[in-house]
Structure formats: C-alpha cells, structure tokens
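The values are calculated or read from the model by the stated rules, or taken from the named source; none is laboratory data. Treat the numbers as computed from the prediction; the structure is a model and nothing was measured. Quick reminder, even Gly has a Cβ in these numbers, built from the backbone with ideal geometry, and neighbours come from all protein chains shown.
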Amino acid sequence: MTEKFDSIVVGAGPAGIAAAYTMAKGGLNVLVLEKGEKPGAKNMFGGVIFRHHTEKLAPEFWKTAPIERHVVEYQYWFLAKDSHVLVSHRNQKFNGQYNAFTVHRAKFDPWFAKLAEDAGAVLINRTTVDDVLKEDGKIVGVETERGDVRADVVIAADGVNSMLAKQAGLRQEIPEDAVVLAVKEVIALPKQRIEERFNLGPEEGIAALLVGCGPGMHAGFMYTNRDTISLGIGINMRDLDKSKQRPNDLFEQFKNHPSIAPIVKDGELKEYSAHLIPEGGYDYVSKICMDGMLVAGDAAMLVNAINWEGTNLAMTSGMLAGQTVIEAKKRNDFSTRSLFKYRQRLEDSFVLRDLKKYRDVPKFFSSNSQFFTTYPQALNELAYTWHIVDDELKADRIKRMKAMLFKRRSKLRLIQDAYHLWRLFS
Amino acid sequence: MSITDKLYRNRYKVDEDSHLWIKDLKMCVKCPFEFACIRVCPTDVYKWEENKITITYDACVECGACRIACYDVGWKNPKGGFGISYKYG
C-alpha cells in the first residue's frame with residue numbers, strides 16, 4: 001500500500017465509522033483499518049445504542065439496521081444477599097419516540113460500517129496497526145503488518161486499550177480506579193419466554209442496572225435482545241484487585257442470585273465476553289489532538305458512566321473529528337493548532353459538557369462504595385421489616401427500622417452522603 | 001459453569017504467536033501485586049506453574065485487565081483477524 005489517503009481511521013467501531021462516514025460524505029479519501037475479521041468482532045458492550053445521536057448519521061436507521069429491541073422500560077435493582085428492591089420506569093412514549101435500542105455489536109457494527117463504505121470510504125478488515133508513522137514530530141500515517149500507509153490525518157478510534165494514542169504520546173497508562181472491567185454472558189432463550197419473563201410486547205425491551213451484588217464499586221447490567229439476554233457485571237479494576245476475587249466467580253455469584261437466576265433459567269450460554277470501560281470521566285480524557293492525529297470514542301476515554309452512555313459519545317466525537325478534518329483539508333493545515341477545533345467542538349457539545357458536569361462524580365463514587373454496598377443492603381432490610389405482619393406495634397416497628405438504618409450508617413454520615421450527592425448533581 | 005466450558009462457546013482464530021508476554025520474568029518470582037494478572041483475568045489466561053507464569057493466550061478475549069493490573073505484562077493486539085471474534089458482542 002503506497003497510496004496516500006486524506007485520512008486513515010483506525011478502528012471500525014461507532015467512533016471510527018462516524019468519523020469515516022462524515023469525511024467520506026464530505027468528499028475525502030478515507031481508509032478504515034479494522035483489526036477484527038469484520039467490524040464488531042472485537043467489540044463488547046452492555047448495551048444499547050441511542051436513537052438521537054445515531055440518527056444524526058443514519059436517519060430512521062432502525063428500519064434497516066440489525067437492532068434487537070427498543071427499550072420501553074428502565075429497571076433499577078437494589079440487591080442484598082437473597083432479596084431485592086426493584087424500581088422501574090416503563091413508558092408508552094418510548095414506543096412512539098424510540099430512545100434506545102439493544103443491539104449485538106457483531107451484527108450492528110458491520111451494518112454501520114457499510115454506511116461509510118457506501119459513502120466511499122475504503123474498509124480493510126483483519127489489519128492490525130502496529131504503530132504510528134512519525135516524521136518531525138508529526139503523525140503522517142500508520143505502520144501495519146501489511147506495510148506503511150500515509151495520510152494527512154490519522155484518527156485513532158481503536159478503543160479503550162488504544163495502543164495508538166499511547167504510541168503517539170497522547171495518553172498515559174490508565175490508573176486502575178479509572179477503569180471498569182465488564183464481564184458478560186449472552187444467554188439464549190425463546191423470544192416468547194423473554195417477553196413473558198419481562199412482560200414485554202414483540203419488539204419491546206428492558207435495560208436494567210443492578211447494584212449491591214458485589215464488593216466495592218460494582219454493578220450488574222441486564223438487557224433484553226430479540227432471543228437472548230445480555231447479563232453482566234462491571235467492577236472497578238481497583239476494587240476487583242483489592243477484593244482478591246475472580247471476575248468469573250463474581251459473575252457466577254450474580255447470575256445465581258435468587259432474584260436473577262429465574263430470569264435466565266433454562267437459557268443457553270452463547271458467548272462469554274469481557275471488556276474494559278473507561279469510566280474515569282473528564283479528568284481522564286486524553287489529549288485528543290496533535291499534529292496529524294485525533295483521538296475519538298473510548299480511545300479518548302469518552303464515557304459517561306453516570307447515565308450509562310458511551311456509544312453516543314463515541315459516534316458524536318467521531319462525527320466532530322470528521323468535520324474538523326474536512327475543514328483542515330480545505331485549509332490544507334493539519335497542525336495541532338488547526339485540529340484543535342476538534343477539542344473546542346467537543347467542549348461545546350454534550351460530550352465534554354456532560355463529562356465536565358460530572359467531573360467529580362467518578363472519584364466520589366469510587367471512594368464512597370457505601371452506595372453500592374451498605375445502602376442496597378439497608379434498603380432491603382428496611383423493606384423486609386416494613387412488610388412483616390405480626391404483633392409488633394407500628395410505633396415500635398418504626399423505631400426499630402430507624403435503629404437498623406443508623407446501625408448501618410450513622411445519622412451524621414447519612415446527612416453527609418445526602419449533602420454530597422446533592423452537591424455533585426446540582 | 002467453568003471458564004473452560006464457557007470459552008468453548010466463543011469463536012477464536014488462534015495465532016501461532018502469543019500477543020501476551022511477561023516483560024521481566026524475574027519480577028514474577030517476587031511478584032509485588034500478589035499475582036494480579038492471574039486474579040483479574042476473566043478467562044484464566046495466567047497460571048503459576050513451576051515457578052513461572054504461564055500464558056494460555058488462546059483463551060484471551062483481549063480485554064486488557066492484566067495490563068492495567070500489572071506493568072510487567074506485555075500486551076499488544078493480535079495480528080489482523082486473529083484472536084477473539086465475537087458472534088454477538
């Protein structure tokens with residue numbers, strides 16, 4: 001490969017494809033390099049894609065894209081050892097105006113990539129990029145196992161483990177507490193059974209977050225697909241390391257919880273996967289531009305862990321990176337100064353504005369694990385006590401419940417926690 | 001269900017060469033991280049056998065947990081098309 005491209009995109013995930021599609025549509029000569037045998041082959045997420053941001057690239061994509069179900073209900077589970085408290089929100093408006101869709105990445109990503117290919121981008125699968133090509137401190141292309149390829153701008157969209165951003169010197173190694181390890185199983189069940197178990201219509205789905213199911217900053221997730229359920233856990237790497245427990249053992253404990261086991265009962269395991277999620281937030285967002293290079297998506301650590309958003313930040317950052325390159329091409333200036341417009345665009349968009357708003361939240365939760373351990377337990381204990389019918393007088397019952405709560409968490413701590421939460425989100 | 005049984009459900013294309021390695025084998029003997037590589041790996045890639053770490057790289061799903069947990073782990077992407085190839089993801 002000796003040809004020179006306007007831009008090389010490394011990684012055919014949501015960020016990379018959004019960038020490639022934007023640039024190809026803008027008339028640029030774009031090459032996309034994907035290390036997997038096809039787009040999506042290396043990808044794993046919870047998860048959902050979001051209508052609003054996906055539609056900016058592909059209007060009414062759900063009519064042709066391989067989506068699983070649209071989400072009509074969001075569930076929040078608070079687990080204790082053998083009980084749960086469940087809060088959920090179902091809304092028929094989600095049937096009228098779709099909000100999010102569950103997808104399998106190995107199916108959705110190839111479809112999404114086709115969009116960029118149809119717009120003129122060249123996609124080459126099975127190609128690992130080994131390093132960046134640097135000349136006089138500028139990135140001028142990439143080194144692949146099939147040879148060097150040159151371009152005016154390289155967009156690193158190579159995911160959370162981004163070797164490229166590191167090689168270019170844009171990123172340091174991620175500290176343990178800024179990253180979450182997710183372990184997931186895809187479990188097959190007949191379509192009707194999924195719909196019965198979750199009380200769903202034919203195309204409808206649920207998205208669930210479950211806390212209280214493990215050590216430290218730890219959460220479970222559950223999504224319904226057409227005829228599979230995606231069930232998984234995410235645990236902060238520092239807490240995983242400290243707990244001395246194995247990821248698969250934690251997952252098995254979760255899956256065998258008496259409230260979870262019946263949901264996936266008689267299901268057939270189809271796939272066991274694991275992936276890192278960069279949840280450190282604003283302060284861990286990498287440097288995202290330099291002479292001849294931009295970074296997008298997980299590679300730039302653009303994940304909003306509070307609202308469980310990632311694919312939309314990836315797509316939007318890819319799109320903004322693409323727009324910046326189109327403009328840079330007009331000026332024929334690919335210096336840091338010229339490409340810095342990308343950072344400004346991100347700062348002006350929800351991507352960095354949301355992360356900035358939540359700047360202190362990841363650190364707060366990672367050093368206040370009571371929200372994932374003590375509180376779910378206390379909630380279950382109180383719910384149980386409240387529902388017991390016996391000879392105890394209600395006045396005594398309420399007194400006892402208060403004592404139970406304050407034993408778990410002192411009055412002062414409760415007030416402090418409430419105050420900190422209020423401050424974080426206001 | 002054991003990890004081995006689970007991994008049978010996954011699709012891999014196994015390369016002859018490992019994409020994982022230990023940078024300094026001597027460090028493992030007095031591992032300062034209580035064998036974090038073994039503990040954090042979701043697919044049991046690492047084992048301590050006969051005074052050294054062994055690496056079953058063909059089980060790796062390329063999550064990167066090991067390289068976050070220990071800087072002595074050498075980690076690179078498998079060659080194009082090799083390694084884990086998710087059918088669902």
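The test for being away from chain B (no Cβ under 13 Å), out of contact with any Lys or Arg (no Cβ under 8 Å at 6 or more places or on another chain), assigned to a helix (DSSP H, G or I) and of a type in the set (Phe, Trp, Tyr) does not hold for residue A:78. Taking only region B:6-39 into account, find how many residues are part of a helix (DSSP H, G or I) and touching a Phe, Trp or Tyr at 6+ places or on another chain (Cβ under 9 Å). Of the residues in that region, 6 qualify. With the requirement that a residue be more than 8 Å from chain B (Cβ to nearest Cβ) and either without any contact (Cβ under 8 Å) to a residue 40 or more places away in the chain or part of a loop (DSSP other than H, G, I, E, B) (or both), what does region A:234-244 give you? Listed by number, the residues that qualify are A:242, A:243.
Would it be correct to say that residue A:153 is touching a helix residue (DSSP H, G or I) at 6+ places or on another chain (Cβ under 6 Å) and not in a loop (DSSP other than H, G, I, E, B)? So residue A:153 fits the description; yes. Which residues, taken from region B:34-43, are within 8 Å of another protein chain (Cβ to nearest Cβ) and surrounded by fewer than 23 Cβ atoms within 10 Å (Cβ to Cβ)? Within region B:34-43, B:34, B:39 meet the criteria. For region B:42-89, the set of residues classified as outside any loop (DSSP other than H, G, I, E, B) and touching a residue at least 60 places away in the same chain (Cβ under 8 Å) consists of B:83, B:84, listed by residue number. If we scan region A:291-307, do we find a residue that is within 24 Å of residue A:6 (Cα to Cα) and surrounded by fewer than 24 Cβ atoms within 10 Å (Cβ to Cβ)? Looking for residues that are within 24 Å of residue A:6 (Cα to Cα) and surrounded by fewer than 24 Cβ atoms within 10 Å (Cβ to Cβ), one finds at least one in region A:291-307, hence yes.
Does residue A:177 fit the bill of being within 14 Å of chain B (Cβ to nearest Cβ) and either within 16 Å of the chain's Cα centre (by Cα) or acidic (Asp, Glu) (or both)? Yes.
Here is a yes/no grid of residues against (1) among the β-branched types (Val, Ile, Thr); (2) under 17 Å from residue A:307 (Cβ atoms):
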| position | (1), (2) |
| --- | --- |
| A:49 | yes, yes |
| A:54 | yes, yes |
| A:58 | no, no |
| A:64 | yes, no |
| A:72 | yes, no |
| A:79 | no, no |
| A:83 | no, no |
| A:87 | yes, yes |
| A:109 | no, no |
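Taken over region B:50-86, the criterion of being among the polar types (S, T, N, Q), more than 7 Å from chain A (Cβ to nearest Cβ) and farther than 19 Å from residue B:26 by Cα is satisfied by B:56 alone. Residues considered: A:165, A:157. Of these, the only one that is within 18 Å of residue A:284 (Cβ to Cβ) and out of contact with any Gly (no Cβ under 7 Å at 6 or more places or on another chain) is A:165.
Scanning region A:95-112 for residues that are of a type outside the set (Phe, Trp, Tyr), closer than 14 Å to residue A:61 by Cα and either away from chain B (no Cβ under 14 Å) or without any contact (Cβ under 8 Å) to a residue 40 or more places away in the chain (or both) yields a count of 3. Do you know which residues across region A:19-30 are surrounded by fewer than 24 Cβ atoms within 10 Å (Cβ to Cβ) and either assigned to a loop (DSSP other than H, G, I, E, B) or in contact with a strand residue (DSSP E or B) (Cβ under 7 Å, 6 or more places away or on another chain) (or both)? Across region A:19-30, the qualifying residues are A:26, A:27, A:28, A:29. When we screen A:16, A:36 for residues that are part of a helix (DSSP H, G or I), in contact (Cβ under 8 Å) with a residue 60 or more places away in the chain and crowded, with 24+ Cβ neighbours inside 10 Å, the only hit is A:16. Checking region B:10-23 against the condition returns a match, with at least one residue being modelled with pLDDT of 95 or more, over 26 Å from residue A:177 (Cα atoms) and facing chain A (nearest Cβ under 8 Å). Condition first: within 8 Å of chain B (Cβ to nearest Cβ) and not in a loop (DSSP other than H, G, I, E, B). Now tell me which residues in region A:156-174 satisfy that. Listed by number, the list holds a single entry, A:163.
The residue pairs whose first member lies in region B:24-40 and is over 22 Å from residue B:63 (Cβ atoms) and without any contact (Cβ under 8 Å) to a residue 24 or more places away in the chain, whose second member is hydrophobic (A, V, I, L, M, F, W, C) and surrounded by 16 or more Cβ atoms within 10 Å (Cβ to Cβ), and whose beta carbons are closer than 6 Å, counting only pairs six or more residues apart or on different chains, do not exist in this structure.
Looking across region A:113-130 at every residue that is of a type in the set (Asp, Glu) and away from chain B (no Cβ under 14 Å), the one that is surrounded by the most Cβ atoms within 10 Å (Cβ to Cβ) is identified as A:117. Since residue A:384 meets every condition but one in (1) more than 33 Å from the chain's Cα centre (by Cα); (2) buried (at least 16 other Cβ atoms within 10 Å of the Cβ), which condition does it not meet? It is condition (2) that residue A:384 fails. Considering region A:379-397, and only residues there that are part of a helix (DSSP H, G or I) and of a type outside the set (A, V, I, L, M, F, W, C), the residue that is nearest to residue A:86 (Cα to Cα) turns out to be A:380.
Search region A:59-75 for residues being part of a strand (DSSP E or B) and not aromatic (Phe, Trp, Tyr), and hand back the single one that is nearest to the other protein chains (Cβ to nearest Cβ). Steps first, answer last, please.
Initially, region A:59-75 is screened for residues part of a strand (DSSP E or B), giving A:69-75.
From the residues that got through so far, the ones that are not aromatic (Phe, Trp, Tyr) too are A:69-73, A:75.
Numbers: A:69: 14, A:70: 18, A:71: 18, A:72: 22, A:73: 22, A:75: 21 Å.
Looking at the filtered set, the residue picked out is A:69.
Of the residues examined, residue A:249 is one that is over 27 Å from residue A:40 (Cβ atoms), surrounded by fewer than 23 Cβ atoms within 10 Å (Cβ to Cβ) and at pLDDT 95 or above. Residue A:133 meets all of the listed conditions (1) more than 14 Å from chain B (Cβ to nearest Cβ); (2) under 20 Å from residue A:15 (Cα atoms); (3) of a type in the set (A, V, I, L, M) but one, namely (2).
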